[in-house]
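**Student:** One structure coming up, written as C-alpha coordinates, with questions to follow.
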Amino acid sequence: MPPWPLLHRADLAAVEREIGQIWEWHVDHDTGQCGRHPDRGGGCSFAMTAGEFVAAFAFLHRATGRPEPLERALRVARVHWQARDRATDLIPNQAEMEGAAFKGRFDCHTTDTSISGLWCSRLLVAAQLTGNDELRDMAVAELKAFMRHQWQGATRPWGQLNLDGTPVPGPRATEGYERSAPRGELDLWPAYWAGYEYPQETALAYVWSHRLTGDPELLGGAQRWARAFAADLDRLRAAGGTYAQHYGTVISFFIELHRESGDRADLDTARAFADQALDLLHARRLFRGHSAKPYYEAVDGVGFLCYGLLQLVEELRGLATDRLDPFTLNL
(Lines give C-alpha, C1' and ligand atoms only; values in the text may rest on other atoms or scores of the structure.)
Protein backbone atom coordinates (compact mmCIF):
# COMPACT_ATOMS: atom_id res chain seq x y z
CA MET A 1 0.00 0.00 0.00
CA PRO A 2 1.38 3.47 -0.79
CA PRO A 3 2.80 5.20 2.30
CA TRP A 4 0.42 8.14 1.98
CA PRO A 5 1.61 9.97 5.14
CA LEU A 6 5.22 9.98 3.97
CA LEU A 7 4.28 11.00 0.44
CA HIS A 8 2.04 13.71 1.86
CA ARG A 9 4.96 15.24 3.71
CA ALA A 10 6.83 15.50 0.41
CA ASP A 11 4.02 16.86 -1.77
CA LEU A 12 0.39 17.08 -0.64
CA ALA A 13 -0.75 18.37 -4.03
CA ALA A 14 0.69 15.33 -5.80
CA VAL A 15 -1.00 13.00 -3.31
CA GLU A 16 -4.32 14.78 -3.82
CA ARG A 17 -4.00 14.37 -7.58
CA GLU A 18 -3.11 10.69 -7.31
CA ILE A 19 -5.99 9.82 -4.98
CA GLY A 20 -8.27 11.92 -7.16
CA GLN A 21 -7.26 9.75 -10.12
CA ILE A 22 -8.39 6.67 -8.19
CA TRP A 23 -11.89 8.11 -7.94
CA GLU A 24 -11.86 9.29 -11.55
CA TRP A 25 -10.58 6.14 -13.24
CA HIS A 26 -11.13 3.20 -10.90
CA VAL A 27 -14.60 3.83 -9.45
CA ASP A 28 -18.05 3.87 -11.03
CA HIS A 29 -19.45 7.14 -9.68
CA ASP A 30 -23.03 5.94 -9.91
CA THR A 31 -22.66 2.60 -8.12
CA GLY A 32 -19.42 2.84 -6.13
CA GLN A 33 -18.17 -0.33 -7.88
CA CYS A 34 -14.37 -0.23 -8.19
CA GLY A 35 -11.54 -2.20 -9.74
CA ARG A 36 -7.77 -2.26 -9.95
CA HIS A 37 -7.75 -1.38 -13.67
CA PRO A 38 -8.61 2.13 -14.91
CA ASP A 39 -11.97 1.10 -16.38
CA ARG A 40 -14.17 3.06 -13.98
CA GLY A 41 -15.25 0.01 -12.00
CA GLY A 42 -16.07 -2.14 -15.00
CA GLY A 43 -13.73 -5.02 -14.14
CA CYS A 44 -13.23 -7.30 -11.15
CA SER A 45 -14.36 -5.63 -7.92
CA PHE A 46 -11.92 -7.42 -5.62
CA ALA A 47 -12.40 -6.60 -1.94
CA MET A 48 -8.66 -6.11 -1.44
CA THR A 49 -8.69 -3.33 -4.05
CA ALA A 50 -11.74 -1.71 -2.51
CA GLY A 51 -10.04 -1.71 0.88
CA GLU A 52 -6.99 0.10 -0.45
CA PHE A 53 -9.18 2.74 -2.05
CA VAL A 54 -11.22 3.22 1.13
CA ALA A 55 -8.02 3.81 3.10
CA ALA A 56 -6.69 6.24 0.48
CA PHE A 57 -9.87 8.32 0.50
CA ALA A 58 -9.88 8.29 4.31
CA PHE A 59 -6.31 9.56 4.38
CA LEU A 60 -7.18 12.40 2.00
CA HIS A 61 -10.09 13.36 4.25
CA ARG A 62 -7.73 13.41 7.23
CA ALA A 63 -5.12 15.45 5.37
CA THR A 64 -7.47 18.06 3.90
CA GLY A 65 -10.52 18.08 6.18
CA ARG A 66 -12.79 18.01 3.14
CA PRO A 67 -15.94 15.86 3.43
CA GLU A 68 -15.92 14.48 -0.13
CA PRO A 69 -13.11 11.92 0.38
CA LEU A 70 -14.88 10.42 3.40
CA GLU A 71 -18.11 10.19 1.41
CA ARG A 72 -16.17 8.34 -1.29
CA ALA A 73 -14.60 5.98 1.24
CA LEU A 74 -18.03 5.09 2.57
CA ARG A 75 -19.46 4.73 -0.92
CA VAL A 76 -16.82 2.18 -1.91
CA ALA A 77 -16.94 0.28 1.40
CA ARG A 78 -20.71 -0.06 1.28
CA VAL A 79 -20.63 -1.86 -2.09
CA HIS A 80 -19.20 -5.05 -0.60
CA TRP A 81 -21.01 -4.67 2.71
CA GLN A 82 -24.39 -4.40 1.00
CA ALA A 83 -23.60 -7.61 -0.91
CA ARG A 84 -23.21 -9.58 2.34
CA ASP A 85 -25.29 -12.53 3.44
CA ARG A 86 -27.64 -10.91 5.95
CA ALA A 87 -27.70 -14.04 8.14
CA THR A 88 -23.91 -14.38 8.50
CA ASP A 89 -22.50 -10.91 7.63
CA LEU A 90 -19.99 -12.60 5.27
CA ILE A 91 -19.23 -10.57 2.16
CA PRO A 92 -18.18 -11.89 -1.26
CA ASN A 93 -14.76 -11.13 -2.67
CA GLN A 94 -16.45 -9.61 -5.71
CA ALA A 95 -19.61 -7.58 -5.33
CA GLU A 96 -21.73 -9.07 -8.10
CA MET A 97 -23.48 -5.98 -9.40
CA GLU A 98 -25.41 -5.62 -12.63
CA GLY A 99 -22.97 -5.57 -15.54
CA ALA A 100 -20.03 -6.75 -13.41
CA ALA A 101 -17.29 -8.69 -15.15
CA PHE A 102 -16.94 -12.44 -14.49
CA LYS A 103 -20.47 -12.63 -13.08
CA GLY A 104 -21.01 -15.99 -11.36
CA ARG A 105 -17.32 -16.81 -10.79
CA PHE A 106 -16.47 -18.49 -7.47
CA ASP A 107 -15.25 -15.25 -5.86
CA CYS A 108 -18.68 -13.67 -6.42
CA HIS A 109 -20.31 -16.06 -3.95
CA THR A 110 -17.51 -17.03 -1.52
CA THR A 111 -15.37 -15.25 1.05
CA ASP A 112 -11.69 -15.68 2.02
CA THR A 113 -8.85 -14.19 4.04
CA SER A 114 -8.04 -11.48 1.53
CA ILE A 115 -11.25 -9.94 2.91
CA SER A 116 -10.50 -10.41 6.61
CA GLY A 117 -6.84 -9.48 6.08
CA LEU A 118 -6.98 -6.67 3.53
CA TRP A 119 -10.53 -5.28 3.32
CA CYS A 120 -11.11 -5.31 7.09
CA SER A 121 -7.66 -3.96 7.97
CA ARG A 122 -8.01 -1.03 5.57
CA LEU A 123 -11.47 -0.18 6.87
CA LEU A 124 -9.99 -0.17 10.37
CA VAL A 125 -7.25 2.20 9.20
CA ALA A 126 -9.89 4.39 7.58
CA ALA A 127 -11.97 4.39 10.75
CA GLN A 128 -8.96 5.34 12.86
CA LEU A 129 -8.07 8.19 10.51
CA THR A 130 -11.58 9.60 10.21
CA GLY A 131 -13.26 8.60 13.48
CA ASN A 132 -16.09 7.14 11.41
CA ASP A 133 -18.08 4.50 13.31
CA GLU A 134 -19.68 2.97 10.21
CA LEU A 135 -16.32 1.99 8.72
CA ARG A 136 -15.23 0.52 12.06
CA ASP A 137 -18.46 -1.39 12.54
CA MET A 138 -18.36 -2.96 9.07
CA ALA A 139 -14.84 -4.26 9.65
CA VAL A 140 -15.59 -5.55 13.15
CA ALA A 141 -18.79 -7.30 12.05
CA GLU A 142 -16.88 -9.04 9.25
CA LEU A 143 -14.06 -10.15 11.53
CA LYS A 144 -16.57 -11.56 14.01
CA ALA A 145 -18.36 -13.37 11.20
CA PHE A 146 -15.07 -15.06 10.26
CA MET A 147 -14.54 -16.04 13.90
CA ARG A 148 -17.92 -17.77 13.97
CA HIS A 149 -17.45 -19.78 10.78
CA GLN A 150 -13.80 -20.09 9.72
CA TRP A 151 -12.64 -22.51 12.40
CA GLN A 152 -15.57 -24.92 12.49
CA GLY A 153 -14.56 -28.58 12.52
CA ALA A 154 -10.99 -27.94 11.34
CA THR A 155 -7.56 -28.11 12.95
CA ARG A 156 -6.67 -25.07 10.85
CA PRO A 157 -8.98 -22.32 9.64
CA TRP A 158 -10.79 -22.89 6.37
CA GLY A 159 -9.36 -21.03 3.40
CA GLN A 160 -12.70 -20.30 1.75
CA LEU A 161 -16.30 -20.09 2.97
CA ASN A 162 -19.63 -19.95 1.24
CA LEU A 163 -21.57 -16.86 2.24
CA ASP A 164 -23.88 -18.98 4.38
CA GLY A 165 -20.86 -19.81 6.53
CA THR A 166 -20.27 -23.37 5.34
CA PRO A 167 -16.68 -24.21 4.39
CA VAL A 168 -15.64 -24.93 0.83
CA PRO A 169 -13.89 -28.31 1.16
CA GLY A 170 -10.87 -29.51 -0.78
CA PRO A 171 -9.25 -30.71 -2.82
CA ARG A 172 -8.14 -27.70 -4.79
CA ALA A 173 -8.76 -27.52 -8.50
CA THR A 174 -5.85 -28.33 -10.79
CA GLU A 175 -6.98 -26.48 -13.93
CA GLY A 176 -8.28 -23.08 -14.94
CA TYR A 177 -8.78 -20.03 -12.75
CA GLU A 178 -10.44 -22.26 -10.16
CA ARG A 179 -6.89 -23.24 -9.14
CA SER A 180 -6.76 -19.89 -7.34
CA ALA A 181 -9.66 -20.80 -5.05
CA PRO A 182 -8.26 -21.59 -1.56
CA ARG A 183 -10.45 -24.65 -0.96
CA GLY A 184 -9.93 -26.82 2.11
CA GLU A 185 -7.86 -25.82 5.11
CA LEU A 186 -5.95 -22.58 4.82
CA ASP A 187 -2.26 -22.60 3.93
CA LEU A 188 -0.69 -20.52 6.70
CA TRP A 189 2.36 -19.78 4.53
CA PRO A 190 1.09 -19.41 0.94
CA ALA A 191 3.58 -19.24 -1.89
CA TYR A 192 1.57 -16.80 -4.00
CA TRP A 193 1.34 -13.31 -2.52
CA ALA A 194 -1.31 -11.90 -4.88
CA GLY A 195 -3.96 -14.57 -4.38
CA TYR A 196 -6.77 -15.15 -1.89
CA GLU A 197 -4.80 -16.23 1.22
CA TYR A 198 -3.70 -13.66 3.82
CA PRO A 199 -3.45 -15.38 7.22
CA GLN A 200 -0.85 -13.09 8.81
CA GLU A 201 -2.66 -9.96 7.66
CA THR A 202 -5.90 -11.38 9.04
CA ALA A 203 -4.28 -11.98 12.41
CA LEU A 204 -3.02 -8.39 12.50
CA ALA A 205 -6.51 -7.13 11.68
CA TYR A 206 -7.81 -8.80 14.85
CA VAL A 207 -5.12 -7.09 16.93
CA TRP A 208 -5.87 -3.69 15.41
CA SER A 209 -9.62 -4.15 15.82
CA HIS A 210 -9.08 -4.83 19.52
CA ARG A 211 -6.87 -1.77 19.81
CA LEU A 212 -9.57 0.33 18.21
CA THR A 213 -12.53 -1.09 20.15
CA GLY A 214 -11.25 -2.77 23.32
CA ASP A 215 -13.57 -5.70 22.53
CA PRO A 216 -12.18 -8.83 24.27
CA GLU A 217 -13.82 -11.08 21.69
CA LEU A 218 -11.53 -9.63 19.04
CA LEU A 219 -8.47 -10.17 21.22
CA GLY A 220 -9.60 -13.79 21.53
CA GLY A 221 -9.68 -13.99 17.74
CA ALA A 222 -6.10 -12.75 17.54
CA GLN A 223 -4.99 -15.26 20.17
CA ARG A 224 -6.57 -18.10 18.22
CA TRP A 225 -4.45 -17.16 15.22
CA ALA A 226 -1.41 -16.92 17.51
CA ARG A 227 -1.91 -20.52 18.63
CA ALA A 228 -2.13 -21.70 15.03
CA PHE A 229 1.09 -19.93 14.00
CA ALA A 230 3.03 -21.00 17.11
CA ALA A 231 2.03 -24.63 16.60
CA ASP A 232 3.50 -24.47 13.10
CA LEU A 233 6.93 -23.16 14.06
CA ASP A 234 8.83 -26.46 14.07
CA ARG A 235 7.02 -27.85 11.02
CA LEU A 236 7.83 -24.65 9.14
CA ARG A 237 11.55 -25.00 9.83
CA ALA A 238 11.48 -28.67 8.78
CA ALA A 239 9.88 -27.62 5.49
CA GLY A 240 12.70 -25.13 4.77
CA GLY A 241 10.95 -22.02 6.00
CA THR A 242 8.78 -19.51 4.19
CA TYR A 243 9.01 -16.17 2.43
CA ALA A 244 10.51 -13.10 4.09
CA GLN A 245 7.18 -11.28 4.00
CA HIS A 246 5.44 -14.03 5.98
CA TYR A 247 8.21 -14.04 8.58
CA GLY A 248 8.16 -10.26 8.90
CA THR A 249 4.39 -10.03 9.16
CA VAL A 250 4.04 -12.83 11.71
CA ILE A 251 6.82 -11.26 13.82
CA SER A 252 4.94 -7.93 13.69
CA PHE A 253 1.73 -9.72 14.61
CA PHE A 254 3.16 -11.30 17.75
CA ILE A 255 4.73 -8.01 18.82
CA GLU A 256 1.46 -6.14 18.34
CA LEU A 257 -0.37 -8.94 20.16
CA HIS A 258 2.10 -8.67 23.05
CA ARG A 259 1.34 -4.97 23.26
CA GLU A 260 -2.38 -5.76 23.58
CA SER A 261 -2.23 -8.85 25.78
CA GLY A 262 0.82 -8.13 27.93
CA ASP A 263 1.68 -11.83 27.63
CA ARG A 264 5.46 -12.37 27.51
CA ALA A 265 4.89 -15.62 25.60
CA ASP A 266 3.78 -13.60 22.56
CA LEU A 267 7.06 -11.70 22.55
CA ASP A 268 8.99 -14.96 22.96
CA THR A 269 7.18 -16.40 19.92
CA ALA A 270 8.03 -13.30 17.88
CA ARG A 271 11.67 -13.86 18.78
CA ALA A 272 11.46 -17.56 17.85
CA PHE A 273 10.16 -16.68 14.38
CA ALA A 274 12.86 -14.01 14.06
CA ASP A 275 15.58 -16.52 15.00
CA GLN A 276 14.27 -18.94 12.39
CA ALA A 277 14.18 -16.24 9.71
CA LEU A 278 17.76 -15.20 10.51
CA ASP A 279 18.96 -18.80 10.37
CA LEU A 280 17.30 -19.56 7.05
CA LEU A 281 17.34 -16.25 5.16
CA HIS A 282 20.37 -14.24 6.26
CA ALA A 283 23.24 -14.61 3.81
CA ARG A 284 26.33 -12.51 4.37
CA ARG A 285 24.96 -8.95 4.43
CA LEU A 286 21.64 -9.57 2.67
CA PHE A 287 18.40 -11.43 3.29
CA ARG A 288 17.20 -13.92 0.72
CA GLY A 289 13.51 -13.78 -0.02
CA HIS A 290 13.24 -17.53 0.60
CA SER A 291 15.69 -20.17 1.77
CA ALA A 292 15.38 -21.95 -1.60
CA LYS A 293 16.59 -18.84 -3.45
CA PRO A 294 20.29 -17.99 -3.76
CA TYR A 295 19.51 -14.29 -4.22
CA TYR A 296 17.57 -11.28 -2.90
CA GLU A 297 14.30 -10.43 -4.64
CA ALA A 298 12.18 -7.47 -3.56
CA VAL A 299 8.85 -9.15 -4.34
CA ASP A 300 9.48 -11.68 -1.55
CA GLY A 301 8.94 -8.99 1.07
CA VAL A 302 12.35 -8.53 2.67
CA GLY A 303 11.22 -5.05 3.72
CA PHE A 304 8.47 -6.59 5.86
CA LEU A 305 11.06 -8.82 7.52
CA CYS A 306 13.39 -5.90 8.22
CA TYR A 307 10.54 -3.91 9.73
CA GLY A 308 9.47 -6.83 11.91
CA LEU A 309 13.04 -7.27 13.16
CA LEU A 310 13.30 -3.55 13.94
CA GLN A 311 10.02 -3.74 15.85
CA LEU A 312 11.37 -6.70 17.82
CA VAL A 313 14.59 -4.91 18.76
CA GLU A 314 12.57 -1.87 19.81
CA GLU A 315 10.25 -3.96 21.96
CA LEU A 316 13.06 -5.93 23.61
CA ARG A 317 14.85 -2.69 24.46
CA GLY A 318 11.70 -1.20 25.97
CA LEU A 319 11.41 1.53 23.34
CA ALA A 320 7.81 0.77 22.35
CA THR A 321 6.56 4.22 23.36
CA ASP A 322 8.56 5.72 20.50
CA ARG A 323 7.16 3.44 17.82
CA LEU A 324 5.21 4.67 14.82
CA ASP A 325 1.45 4.15 15.01
CA PRO A 326 0.87 0.84 13.16
CA PHE A 327 -2.31 2.19 11.57
CA THR A 328 -0.46 5.14 10.09
CA LEU A 329 2.56 3.10 9.09
CA ASN A 330 0.42 0.55 7.25
CA LEU A 331 -1.40 3.32 5.46
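The values are calculated or read from the model by the stated rules, or taken from the named source; none is laboratory data. Keep in mind that this is a model prediction, so the values were computed, not measured. Methodologically, a virtual Cβ is constructed for each residue, glycine included, from the backbone with ideal geometry; neighbour enumeration extends over all protein chains shown. Note: areas computed on protein heavy atoms with side chains; ligands, DNA, RNA excluded. Shrake-Rupley method; radii C 1.70, N 1.55, O 1.52, S 1.80 Å.
**Student:** P(r) for the chain: what percent of alpha-carbon pairs falls in each 20 Å bin, starting at zero?
**Tutor:** 32, 60, 8
**Student:** Within the set of other residues whose C-beta is less than 14 Å from the C-beta of residue 116, count the net charge using Lys and Arg as +1 and Asp and Glu as -1.
**Tutor:** 0
**Student:** Now a separate question. Under the rule of at least 5 residues apart or a separate chain, name every residue whose amide H is placed under 5 Å from the amide H of residue 185.
**Tutor:** 159, 170
**Student:** For residue 27, enumerate residues with amide H under 5 Å from its amide H, sequence gap 5+ or separate chain, H modeled in the peptide plane.
**Tutor:** Amide H neighbours of residue 27, under 5 Å, 5+ apart: 40, 41.
**Student:** For the stretch 116-274, what class follows from the C-alpha gyration tensor (a ≥ b ≥ c being the square roots of its eigenvalues): rounded when a/c is under 1.5, otherwise prolate if a/b is larger than b/c, else oblate?
**Tutor:** Here the stretch 116-274 falls in the oblate category.
**Student:** Hey, what's the per residue convex hull volume over the C-alpha atoms of the stretch 137-225, in cubic angstrom?
**Tutor:** 105 Å³
**Student:** By what distance, in whole Å, do the Cα atoms of the stretch 69-191 stretch along each of the three principal axes, largest value first?
**Tutor:** 42, 35, 30
**Student:** Convex hull volume of the Cα atoms in the stretch 204-331, per residue, in Å³?
**Tutor:** Dividing the Cα hull volume of the stretch 204-331 by its residue count gives 104 Å³.
**Student:** Each residue of the stretch 201-209 in turn: what ³J(HN,Hα) in whole Hz from Karplus with 6.51, -1.76, 1.60 and θ = phi - 60°, glycine and Pro shown as x?
**Tutor:** Coupling constants for the stretch 201-209: 5, 5, 4, 4, 4, 5, 4, 5, 5 Hz.
**Student:** Each residue of the stretch 135-149 in order: what ³J(HN,Hα) in whole Hz does its phi give by Karplus 6.51 cos²θ - 1.76 cosθ + 1.60, θ = phi - 60°, with x for Gly and Pro?
**Tutor:** 4, 4, 5, 4, 5, 5, 4, 5, 4, 5, 5, 5, 4, 6, 10
**Student:** Spin-label point model (7 Å from Cα, Cβ direction): what's the residue 10 to residue 36 distance in nm?
**Tutor:** 2.3 nm
**Student:** Which number comes out as Rg/Rh for the stretch 2-159 once both Rg and the Kirkwood Rh are worked out on C-alpha atoms?
**Tutor:** 0.99
**Student:** Also, I was wondering about something else. Could you list which residues have their amide H under 5 Å from that of residue 283, counting only those 5 or more apart in sequence or on another chain, with H placed in the peptide plane?
**Tutor:** Correct list: 288.
**Student:** Using a 1.4 angstrom probe with every protein chain in place, what is the largest-first accessible-area order of 103, 293?
**Tutor:** 103, 293
**Student:** How high is the relative contact order of the stretch 158-307? Use alpha-carbon pairs under 8 Å, at least six apart in sequence, and give a whole percent.
**Tutor:** 18 percent
**Student:** Return one quarter of the surface area of the convex hull spanned by the alpha-carbon atoms of the stretch 4-63, equal to its mean projected area, in nm².
**Tutor:** Working: hull surface 15.5 nm².
The orientation-averaged projected area of the Cα hull of the stretch 4-63 comes to 3.9 nm².
**Student:** With a 1.4 Å probe and all protein chains in place, put 202, 269 in order of accessible area, largest first.
**Tutor:** On the way: 202 0, 269 30 Å².
Correct descending sequence by accessible area is 269, 202.
**Student:** I would also like to ask the following. When the Karplus curve 6.51 cos²θ - 1.76 cosθ + 1.60 is applied with θ = phi - 60°, which whole-Hz ³J(HN,Hα) does each residue of the stretch 179-189 get, with x for Gly and Pro?
**Tutor:** 4, 6, 5, x, 5, x, 5, 5, 7, 5, 9
**Student:** Also: Given contacts defined as C-alpha pairs under 8 Å and at least six residues apart, what's the relative contact order of the chain, whole-number percent?
**Tutor:** 13 percent
**Student:** Arrange the residues 70, 212 by how much accessible surface each exposes, largest first, with a 1.4 angstrom probe.
**Tutor:** On the way: 70 30, 212 55 Å².
Accessible-area ranking of 70, 212, largest first: 212, 70.
**Student:** In whole percent, what relative contact order does the stretch 1-97 give with Cα contacts below 8 Å and a gap of six or more residues?
**Tutor:** The value is 21 percent.
**Student:** A follow-up question, please. I need two numbers for the stretch 24-99: Rg to one decimal and Dmax as a whole number, Cα atoms only, in Å.
**Tutor:** 12.3, 38
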